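Working notes, beginning with the structure itself.
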Amino acid sequence: MSVWQGLMARPVRTAVVATVVGLLGLGAAVAMAVEANGLRGPTANAALVDQESTARLLGDVNAAVERTYGYAFDSLDADERAAQDVVIGAFADRFREEFATVRELAPAQQATVTATVRESAVQSLRGSRAEVLVFVDQTIRNVELPEGAASGARLVVTAELVDGRWRIADALSR
């Protein structure tokens, strides 16, 4: 290679490297802009930025979980009405089916179940729909367990905002 070709190769190589670095930087800037827009756009996770809405969601969902997963053999009508007020859609149908079994068994066993939410966290809050991770403890008392027995569950609750209140649209045990 001549001296002239060697001198010409260095600027070309430098230009190529500079172009590649510039394109990588531009790509990173575009990716960050898209991510930032996602945090502000209509599908943004408001749980990351709206503390008031997040607190209201958690308050409503925690109360709804405690109502839905607790009952007493001597107040089944009131317990069912209270739970029906905080569940919607297919989950409400599933609750009615499962509560029918509770109605059959709880009086004879004098069963009482107390549900207490220990911790909860919003996974996503987008508009009028949210997913909340809920850790709930249940204490079960009946004629065979007068002192009670405790169990815990981890639920992923899908909630929907209806008439200004968050209600349970689905709950899956995880």
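The values are calculated or read from the model by the stated rules, or taken from the named source; none is laboratory data. Being a predicted model, the structure only gives us computed values, none of them experimental. Here the Cβ is made from the backbone with ideal geometry for all residues, glycine too, and neighbour counts use every protein chain on show. Side chains are part of the model used for accessible areas, which takes the heavy atoms of the whole protein and leaves out ligands, DNA and RNA. Shrake-Rupley method; radii C 1.70, N 1.55, O 1.52, S 1.80 Å.
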Would you point out which residue out of PHE135, PHE95, PHE91, PHE99 is among the aromatic types (Phe, Trp, Tyr) and in contact (Cβ under 8 Å) with a residue 60 or more places away in the chain? PHE91
Give me the pairs, please: first residue somewhere in region 46-59 and modelled with pLDDT under 80, second residue anywhere and assigned to a helix (DSSP H, G or I) and of a type in the set (A, V, I, L, M), beta-carbon distance under 8 Å, and either six or more positions apart or on two chains. ALA47/LEU57; LEU48/LEU39; VAL49/LEU39
Give, as residue ranges, the helices (runs of 4 or more DSSP H) completely inside region 44-157 that count at least 3 residues that are under 20 Å from ARG174 (Cβ atoms), open to solvent by less than 90 Å² (accessible area, probe 1.4 Å) and out of contact with any helix residue (DSSP H, G or I) (no Cβ under 6 Å at 6 or more places or on another chain). 51-68, 89-109
Do we have VAL162 as in contact with a Ser or Thr (Cβ under 9 Å, 6 or more places away or on another chain) and closer than 20 Å to GLN51 by Cα here? yes
Which pairs do you get when a residue that is basic (Lys, Arg), found in region 155-171, comes within reach of a residue that is open to solvent by less than 30 Å² (accessible area, probe 1.4 Å), reach meaning Cβ atoms under 6 angstrom, with the pair 6+ apart or on two chains? ARG167/VAL86
